1. Show that you can apply the helix-only estimate: for the chain, add -39,500 (n - 2.57) for every DSSP H stretch of four or more residues, divide by all residues, and state [θ] at 222 nm to the nearest 500.
2. With a ≥ b ≥ c the root eigenvalues of the C-alpha gyration tensor of the stretch 45-312, is it rounded (a/c under 1.5), prolate (a/b larger than b/c) or oblate?
3. Mind checking the dipole of the stretch 45-312: about its Cα centre, +1 per Lys or Arg Cβ, -1 per Asp or Glu Cβ, Debye to the nearest 20?
4. For the ranges 565-572, 401-408, 141-148, what's the packing order if you count other beta-carbon atoms within 10 Å of each residue, average per peptide, and put the highest first?
5. Using Stokes-Einstein with the Kirkwood hydrodynamic radius over Cα pairs, what translational diffusion coefficient do you get for the chain at 25 °C and a viscosity of 0.890 mPa s, in µm²/s rounded to a whole number?
6. Sequence neighbours fewer than 8 away in the same chain don't count; with that in mind, list the aspartates and glutamates whose C-alpha is under 17 Å from Lys443.
7. Using a Förster radius of 45 Å, what is the FRET efficiency between Asn470 and Ser234 based on their Cβ-Cβ separation? Nearest 0.05, please.
8. Considering the dipole of the chain built from charges on the beta carbon (Lys and Arg +1, Asp and Glu -1) around the Cα centre, which of Met539, Val117, Ser345 is farthest to its positive end?
Amino acid sequence: MRRPRSLISALISVALAVAGAVVLTFAAAPPATALDNGLAQTPPMGFNDWNSFGCNVDEQLIKQTADFFVSSGLKDAGYEYVNIDDCWLEKTRSADGHLVPDPVKFPDGIKGTADYVHARGLKLGIYEDAGTMTCARYPGSYGHETTDAQDFADWGVDYLKYDNCNLVPGTGDNQQEYIDRYKRMRDALAATGRPIVFSLCEWGNFQPWTWGADVGNLWRTTGDISDRWSSLKSIINQNLNLYPYAKPGAWNDPDMLEVGNGGMTDTEYRTHFGMWAMLSAPLLIGTDLRKATPATMNILENKEVIAIDQDTLGKQAKPIKNADGLVVMSKPLANGDTAVALYNSTDSAATISTSAKDLGLAGGSAYTLRDVWKHSTTETAGAVSATVPAHGTTLYRVSSEPGWAQYPPAGELSLQTQSGQGAPLVNPGQDTPVTGTFTNHGKMPATNVSVSPSAPDGWSVSAVSPPTKNEVGSEGSYTSKWTVRPPDDATPGSYQLPATATLWWDENTQKSTVDGTVTVVVPPAAPTGTHDLSDLPWMSATNGFGPVEKDTSVGGSGAGDGKTITINGATYTKGLGTNAPSEIVYYAGSARS
Ligand code: GLA
C-alpha cells in the first residue's frame with residue numbers, strides 16, 4: 001500500500017526532538033482544513049501544451065520544451081513548470097485502478113519524463129479532472145483522488161491542474177459541491193507529503209476567488225482563452241475587479257498565454273503579457289517554443305515585465321480609472337514603486353493619463369517613469385500619460401526615488417489628421433493636414449523642440465509651421481503642422497504616419513526623442529452605379545464570430561466556412577454573412593443614395 005512516507009518520518013523526528021523518545025502515532029493525518037502548502041508565493045511561471053497542441057502532447061515535446069527553457073534563457077528569466085495538459089493517458093484505468101500514461105506518447109512514463117525535467121532544474125506539471133472523465137474524455141479522478149494523488153507524487157509531479165468536465169450528478173450543482181470536490185483532491189495531495197501546486201480549473205463558475213485560497217494555489221476565473229483579440233479583451237475585462245482576492249500562494253488565473261500563436265498582433269500580445277503581469281496571473285507559455293520568433297521571445301523574456309508579475313508583495317493591480325474602454329491600472333510593488341498600465345481596449349489610438357497623486361505617490365517634486373517595454377526612463381513632474389495605440393498597453397514603473405534629474409523630461413507626441421469616423425481618410429493626390437502636439441510632462445524644460453514627420457515611400461510631406469520651438473516648459477506644449485499627400489496611384493488600405501519629436505534638456509546639453517504615430521486610410525475608388533455590397537471592397541470589417549463572409553452565412557471559425565444564406569426558408573445567392581456585433585465600412589465617396 002502506498003503511504004505518505006515523508007509525513008511519518010516527520011512525525012518521528014518531531015517526537016524525538018521534543019521528548020527524546022520515539023513515539024509512533026499511526027492515526028491517519030487529520031484532513032487539512034485549508035491549503036497550507038507554502039507554494040506559489042509568486043504566480044507560477046512555465047509552459048502548458050494545450051493552447052498550441054491540444055491533444056497532441058507527448059514526452060518529446062515536454063523534454064524539448066525543458067531543454068529550450070534552459071538553452072533560451074527562459075529558465076533564467078523565471079520559467080519553471082513544464083506542464084502536461086489533457087490526453088496524456090490511456091482511455092481506461094489499469095485492472096488495479098491506476099491511471100496509465102499513454103505508452104506511445106510517454107514511453108518513459110510520467111516518472112521518466114519528470115526525471116528528465118528535474119535533471120534540468122525544472123518542475124513537471126500534470127492535468128486531471130474532478131469528474132468521471134477529463135474534458136477530452138480520458139478517465140477522471142472522481143472517486144480515485146487518493147490513488148491518483150499518490151501516483152502523481154510517486155511519479156515526481158510538482159503541479160496539478162484540476163479540471164471540471166463530466167461531473168457526477170449531484171456533485172457539481174452548487175458552490176458547496178464544487179468546493180467539496182476540489183477539497184477532496186487538495187487533501188489527497190496534502191496526504192502524499194509531496195509539495196504539489198494545486199491549480200483549480202472550474203472556469204469561474206462558482207466564484208472560486210471567494211473560496212479558492214483555502215483550496216488551491218490558483219483558480220481559473222474565466223472560460224477558455226482563444227488566440228483572438230475579442231477573447232483577450234473579454235477575459236481582461238472579467239478579471240479587472242478581482243484584485244482583492246489575490247495574495248501570495250493564491251492567485252486569480254485568467255488562463256494560459258497565447259503569445260506567439262499568430263492570431264493577434266504583437267501590440268495585442270504585449271497587452272496580453274503586460275496585463276497578465278498587472279493581474280498577478282500565472283505566466284504559462286502556450287506556444288510552440290521550438291518555432292518561436294524573436295518577437296515572441298522578446299515579449300516572453302521581458303524581465304522588467306516579469307518582475308511586475310513576480311513582485312513579492314503579491315498585490316494584483318487595481319483599476320483606478322475605467323471609462324470608454326480606456327483603463328488605468330495601478331499595482332503597488334515591494335520596493336515602493338508602483339506599476340501602472342495605460343490600457344487602450346478601443347479600436348483607435350487614444351491618450352490615457354493619470355498622475356502620481358492619483359497613484360497615491362505624493363510629496364516628490366518629480367518622479368521617474370520607467371517604460372518597461374521600451375526599457376527607457378524619463379522624469380515627470382506628476383503626469384503619467386501616453387498616447388496608446390488601439391489594443392495597446394503602455395506599462396510604466398513609477399518611482400519617487402530621488403535621482404530623477406538624470407533622466408530626460410517625459411514627452412508625449414500626439415498626432416491628428418482631419419477627424420472622421422474610424423481612421424481618417426487621406427485621398428490619393430490630395431493634401432491632408434496633420435498636426436503633431438508635443439507635450440512636456442517633465443519637471444525640467446525641453447529646449448529646441450522640433451517635430452519631424454514621415455510618410456510611406458512615394459508620399460509627399462510639406463511643413464506648414466516653423467520647425468522648432470525654443471523652449472517648452474513643464475506641462476507646456478508645442479503644435480507643429482504639416483500636410484501629407486499620397487500618390488495618385490496609392491494602394492487603398494491603412495497606413496501609419498509616424499513622426500519624431502526631438503528635444504534637448506539639461507541646459508541644452510543632452511538630446512532625447514519621442515515617437516508618435518497616427519493611422520490613416522487611403523480609400524478605394526468610390527463605386528458608381530448600383531452594386532451588391534458583397535461585390536464591393538470594404539474598408540474595414542469586424543465580426544462577432546469568425547470573419548464576415550461574402551454570399552454565404554457566417555460559419556464562425558475560418559474564412560469560407562459558411563453555407564448558402566437562408567432567411568425564413570428563402571435562399572439568397574447574394575449577401576453578407578455576419579454575427580453581431582459586426583461593423584462593415586464601405587467608402588461611397590460623394591455618391592451616397
Ligand atoms: C478545459 C480547460 C482547458 C484544457 C482543456 C483540456 O477546456 O479549461 O484549459 O485543459 O479542458 O481538455
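Every number here is computed from the coordinates shown, using simple stated rules; none is lab data. In this text, all values refer to a predicted model and were calculated from it rather than measured experimentally. When we count neighbours, we look across all protein chains shown, and the Cβ atoms used for this are built from the backbone with ideal geometry, even at glycine.
1. Values: 11 runs with 115 residues, N = 593.
Counting only the DSSP helices, I get -6000 deg cm²/dmol.
2. On the way: a/c = 1.66, a/b = 1.18, b/c = 1.40.
Verdict is oblate for the stretch 45-312.
3. Values: 23 positive and 39 negative charges, 50 e Å.
Rounded to the nearest 20 debye, it is 240 debye.
4. Details: 565-572: 9.4, 401-408: 15.9, 141-148: 19.9.
Ranking, from highest mean packing down: 141-148, 401-408, 565-572.
5. On the way: Rh = 27.2 Å.
Answer, rounded: 90 µm²/s.
6. Straight-distance partners of Lys443: Glu379, Glu401, Glu412, Glu471, Glu475, Asp506, Glu507.
7. Working: r = 49 Å, r/R0 = 1.08.
The pair Asn470/Ser234 has a calculated efficiency of 0.40.
8. Ser345
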